[in-house]
């Protein structure tokens, strides 16, 4: 028996004898499909994840490894913090940070209706926190109704939002748009 075969047999025997020490990885390093995360708790007033702040637009969600996955990590009352364990699909293995949209109470429906019916007076821009543009629209009758039409399109496409940088209050599973931006440094990864 040559040395390569002996090393291979030794590695196989050690791997089979100590399955939890050499083969396990942390639960947060699992691949997609090997875990399932809970939906975040939704605040009924903001229609976004509870606990989302302006400074940190990320929240923690609990993720459970799939049944019979063995990994290091368990965030539960019944186990120690970094135990290597075989999960059953209902024990929380790790917490994942997911993005959330911070809202400050500006409703998408209200701003769109204000733009349609009172946009020539600039009420939509006053509502969103742009008093200078609102006053200019008021004095020029919505830039002779052309500015009103442009604002209807911009608000409907969610290009114009509240002046404080927050997102509109839209149903969590509603018609919110996500802007995808690419530039010369964007790398496309195909899976």
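Tabulated data for the structure shown
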item: Count of the stretch 150-191 residues which are in contact with a helix residue (DSSP H, G or I) (Cβ under 6 Å, 6 or more places away or on another chain), without any contact (Cβ under 8 Å) to a residue 40 or more places away in the chain and not in a loop (DSSP other than H, G, I, E, B); result: 1
item: Where residue 90 falls short, out of the listed (1) under 21 Å from the mean Cα position of the chain (by Cα); (2) within 27 Å of residue 38 (Cα to Cα); (3) free of Cβ contacts under 8 Å to residues at least 60 places away in the same chain; result: (1)
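The numbers here are math on the coordinates, done by the rules we state, and not lab data. Note that the structure is predicted; figures quoted are calculated from it, not measured. Heads up, the Cβs are rebuilt from the backbone with ideal geometry, glycines too, and the neighbour counts pull from every protein chain shown.
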